[in-house]
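Here's the structure, in structure tokens; my notes come after.
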Amino acid sequence: ESAEPRHALDGLAEQYFAWKAGTRKITDRTLKDYRRDYDNWIRPTLGAHPADAVDELDVQAWVDKMAARGLSAKSIQDRHSILSSIYKFGSARTRRLVGHNPCLETQLPTKRRKADRKSVV
């Protein structure tokens, strides 16, 4: 383990959001939506954990909990994507804020295709 203090995921997320805001590759509304989803869905479960201590089991349990609450596959995938992006940012070799991305092997629910409607003649 490094001599660096272990920072909470909340701190890593703030660095990510500040970086995203600085790149100007996303709209203010999109950034606001990312922050809202982080605050509502990621922070309560994982935010206070040291970012480097969150592992694949934690992420899978979080995804499974959302699925058990009846959230749609798309909503779960969108929120998982935000968490994964935060970890991708933090684990980049140019930053090394965390050792790895614990989101890479998560088994996400799959979207169900709606049956094609047959036109009634």
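Between Asp55 and Asp39, the simple spin-label model (points 7 angstrom out along Cα→Cβ) gives 3.3 nm. The amide H of Ala8, built 1.01 Å from its N in the peptide plane, has Ala51 as neighbours under 5 Å, considering only residues 5 or more places off or on other chains.
For Arg69 and Lys88, the difference between the fully extended length at 0.36 nm per residue and the C-alpha to C-alpha distance is 4.2 nm.
Might you tell me the accessible area per residue for the chain, computed with a 1.4 Å probe and given in Å²? Let's see the in-between values first.
Working: 8520 Å² over 121 residues.
Solvent-accessible surface per residue comes out at 70 Å².
Only helices enter this figure: runs of n ≥ 4 DSSP H residues, each worth -39500 (n - 2.57), summed and divided by the residues of the chain, yield -15500 deg cm²/dmol at 222 nm to the nearest 500.
Applying a DSSP loop filter and a limit of 16 other Cβ atoms within 10 Å to the GluC sites (Glu not before Pro) in segment 1-96 leaves Glu1.
Packing around the peptides 91-97, 24-30, 58-64, 72-78, taken as the average count of other Cβ atoms within 10 Å per residue, puts them in this order, highest first: 58-64, 72-78, 91-97, 24-30. Which residue fluctuates most in the GNM of the chain (Cα springs below 10 Å): Gly99, Gly90, Gly70? Maximum among the listed residues: Gly70. For the chain, the Cβ-based charge dipole about the Cα centre amounts to some 920 debye (Lys, Arg positive; Asp, Glu negative; other atoms uncharged). By definition, a body whose alpha carbon gyration tensor gives a ≥ b ≥ c is oblate when a/c is 1.5 or more and a/b is not larger than b/c, and segment 1-70 fits this oblate description.
Considering the zone a paramagnetic label at Leu104 would reach in this model (a point 7 Å from Cα along the Cα-to-Cβ line), which residues of segment 62-95 have amide N under 15 Å from it? Residues passing the 15 Å test: 84-94. For segment 48-112, which whole-number percentage of the solvent-accessible area (1.4 Å probe, protein heavy atoms only) is attributable to carbon and sulfur atoms? Summing carbon and sulfur atoms, their accessible area is 47 percent of the total for segment 48-112.
The values are calculated or read from the model by the stated rules, or taken from the named source; none is laboratory data. Everything quoted here is computed from the prediction, not taken from an experiment. Note: ideal-geometry Cβ built from the backbone for every residue, glycine included; neighbour counts use all protein chains shown. Accessible surface is based on the protein model in full, side chains and every heavy atom, while ligands, DNA and RNA are left aside. Shrake-Rupley method; radii C 1.70, N 1.55, O 1.52, S 1.80 Å.
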